[in-house]
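Heads up: the structure comes next, in structure tokens.
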Amino acid sequence: MTLALGCIADDYTGASDLANTLTRAGLRTVQTIGVPADDLALPEVDAVVVSLKSRSIEAGLAVSRSRAAEAWLRGRGAGHVLFKICSTFDSTDAGNIGPVMDALRADCGEGAVLVTPAFPETGRTVYQGNLFVGAVPLNESPLKDHPLNPMRDSNLVRVLARQSRTQIGLVDLATVTRGADAVRARLAELAGKGIGAAIIDAVFDRDLETIGLVAAGHRLSVGASGIGLGLARALVSTGKVKSASPSGETGAAVGGLAACLAGSCSQATLQQITNAERIMPVLHLDPDRIIMGAGEVQRALDWARPRLGEGPVLIASSSTPDQVTALQARHGRDAAGHAIEQAMADIAENLVKSGVRRLIVAGGETSGAVVDRLKIPGFLVGVEIAAGVPVLRAVGAESDMLLALKSGNFGGGEFFSDALMLMR
Ligand SMILES: Nc1ncnc2c1ncn2[C@@H]1O[C@H](COP(=O)(O)OP(=O)(O)O)[C@@H](O)[C@H]1O
Ligand SMILES: O=C(O)[C@@H](O)C(=O)COP(=O)(O)O
């Protein structure tokens, strides 16, 4: 297998979002959990997305895991590696976008790396280096209240400069609009000044196509699914990949019981949970009791098991920004996040033992904890439920399962019922 494109995603929902985008753009794509074991049977593909849970861990660990993934991808022929980050640039001043980018850049000897989280299909656009989420700048969006990485600066040149050892430049929209040669000239100018990375503006998919054409001639890029779209279209239009029509199939129906877990506290997920109350039983966990180890997991299982035979259930730890802040003040941000993620993983593991084979998880870190606990080594990408969220079929796992890993911010108001309709 010689890969046309190698990808390293810093969380699992982000990885399935990218795998979905690449698949829809005609690349045969598989999503792996971590660096694949030698004996994992992978189909013949154009792109592999290695999913890491490295967005919110210590920067040194994120770097070493990302480099291991890069080595594996380059070893399979990937000339270009995309480091997939969140479309809302989720990170802190300690990292991990800057440190990982610096390390991958040093490994491949890249001049100036193109960086953009733009993903217009989901309302993420970048202008003059400022990230917009829908109609508002990042720092006015719900991401200002993210439980792990509150985003309070919209200027990505500044944000990335605080995390990286290299200077950060800007390739503005006027340059992108003039086309690929203008972008190449600007990048060369920045690299000549010793600037190691540039935020590049993008508002429409056509901007990402221009960026993809340029990036495909480089060894490394950093961004969200939008730049993945640009790269995929460039690989197809230049004949490096023969476009495969996305089958949208994940094989035979798996049947079995269905459940939903929500650990995301995003505004979108909170609304989706409220709407789900109309169509399925919903249990709201008590986060304090989870952290104190007070039997909350057992309470959830005792609640869920008798109901599962009747139809899907939803178990949520999610709370409003004020409640999240208060909980973190009582227990600490990392301790609270970790304990709740592990409780979700405990619940998922036991639900699968009870026969759940169709599982929807809302939240990137939450999905990471759940998928790790279920020891799923990889996924095939199926139909799209909502922009950035496909149905996934587990490969190489103990149980034949369908999953949907939803980024906290993605999906329409009826996401849970939309997903269940497509997961048979
Ligand atoms: N009620 C709560 N209070 C505080 N933190 C919570 C609560 N519920 C979940 N969390 C934590 O918040 C984080 C949410 O992150 P994540 O799952 O990545 O969601 P998103 O996709 O919205 O970023 C996780 O670490 C999760 O354990
Ligand atoms: O790019 C995106 O927005 C998503 O693919 C993503 O990374 C989601 O992260 P979470 O919101 O933490 O799930």
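The values are calculated or read from the model by the stated rules, or taken from the named source; none is laboratory data. This one's a predicted model, so the numbers in the text were calculated from it and none came from an experiment. Note that each Cβ is placed from the backbone with ideal geometry, even for glycine, and that neighbours are counted across all protein chains shown. For the accessible areas, the whole protein counts, side chains as well, though only heavy atoms, and no ligand, DNA or RNA atoms are used. Shrake-Rupley method; radii C 1.70, N 1.55, O 1.52, S 1.80 Å.
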statement: Length gained if residue 1 through residue 58 is fully extended, taking 0.36 nm per residue and subtracting the Cα-Cα distance, is 17.2 nm
statement: Here the membrane-span-like helices of the chain, with no claim about any membrane, defined by DSSP H, Cα axial extent at least 20 Å and mean Kyte-Doolittle at least -1.0, are 59-75, 333-353
query: Which semi-axis lengths, in whole Å and largest first, follow from the square roots of five times the eigenvalues of the Cα gyration tensor of the chain?
result: 34, 24, 19
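With charges set only on the Cβ (+1 for Lys and Arg, -1 for Asp and Glu), what does the dipole of segment 288-364 come to about its Cα centre, in debye to the nearest 20?
On the way: 9 positive and 9 negative charges, 47 e Å.
About 220 debye.
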message: Can you give me the % of accessible surface on the chain that is carbon or sulfur? Probe 1.4 Å, all protein chains present, nothing else counted.
response: 51 percent
query: What does the charge count near residue 157 come to, summing +1 for each Lys or Arg and -1 for each Asp or Glu among other residues with Cβ under 13 Å from its Cβ?
result: -1
The chain - mean residue ellipticity at 222 nm from DSSP helices (-39,500 (n - 2.57) per run, n ≥ 4, rounded to 500): -12500 deg cm²/dmol
statement: Taking a crude spin-label model, label points 7 Å out from Cα along the C-beta direction, the residue 240 to residue 372 distance in nm is 3.2 nm
task: Once every Cα of segment 284-348 carries one equal point scatterer and solvent is ignored, give the base-10 log of I(q)/I(0) from the Debye formula at q = 0.22, 0.23 Å⁻¹, two decimals.
output: -0.89, -0.95
field: Separation of alpha-carbon centers, segment 252-300 and segment 308-372, rounded to whole Å
entry: 7 Å
task: In whole angstrom, note down how far apart the Cα centers of segment 112-145 and segment 225-247 are.
output: 23 Å
query: Given +1 on the Cβ of Lys and Arg, -1 on the Cβ of Asp and Glu, and no further charges, what dipole in debye does the chain carry about its Cα centre, rounded to the nearest 20?
result: 560 debye
field: Charge tally in the Cβ shell below 14 Å around residue 44, where Lys, Arg are +1 and Asp, Glu are -1, residue 44 excluded
entry: +2
Net charge of neighbours whose Cβ lies under 9 Å from the Cβ of residue 175, counting Lys and Arg as +1 and Asp and Glu as -1: 0
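Go through 335-348, 355-368, 260-273, 26-39 and give me the packing order, highest mean Cβ count within 10 Å leading. Don't skip to the answer; put the middle values down first.
On the way: 335-348: 21.1, 355-368: 26.4, 260-273: 24.1, 26-39: 19.1.
The peptides rank, most packed first, as 355-368, 260-273, 335-348, 26-39.
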Heavy-atom surface of segment 2-102, accessible at 1.4 Å and reported per residue (Å²): 28 Å²
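Suppose all protein chains stay in the model; what accessible area per residue would a 1.4 Å probe give for segment 280-406, in Å²? Numbers along the way, then the final one.
On the way: 4820 Å² over 127 residues.
On a per-residue basis, segment 280-406 sits at 38 Å².
Going highest first, how would you order 390-400, 7-17 by mean Cβ packing within 10 Å? Intermediate results must be reported in sequence, preceding the final value.
Values: 390-400: 19.8, 7-17: 29.2.
Final packing ranking: 7-17, 390-400.
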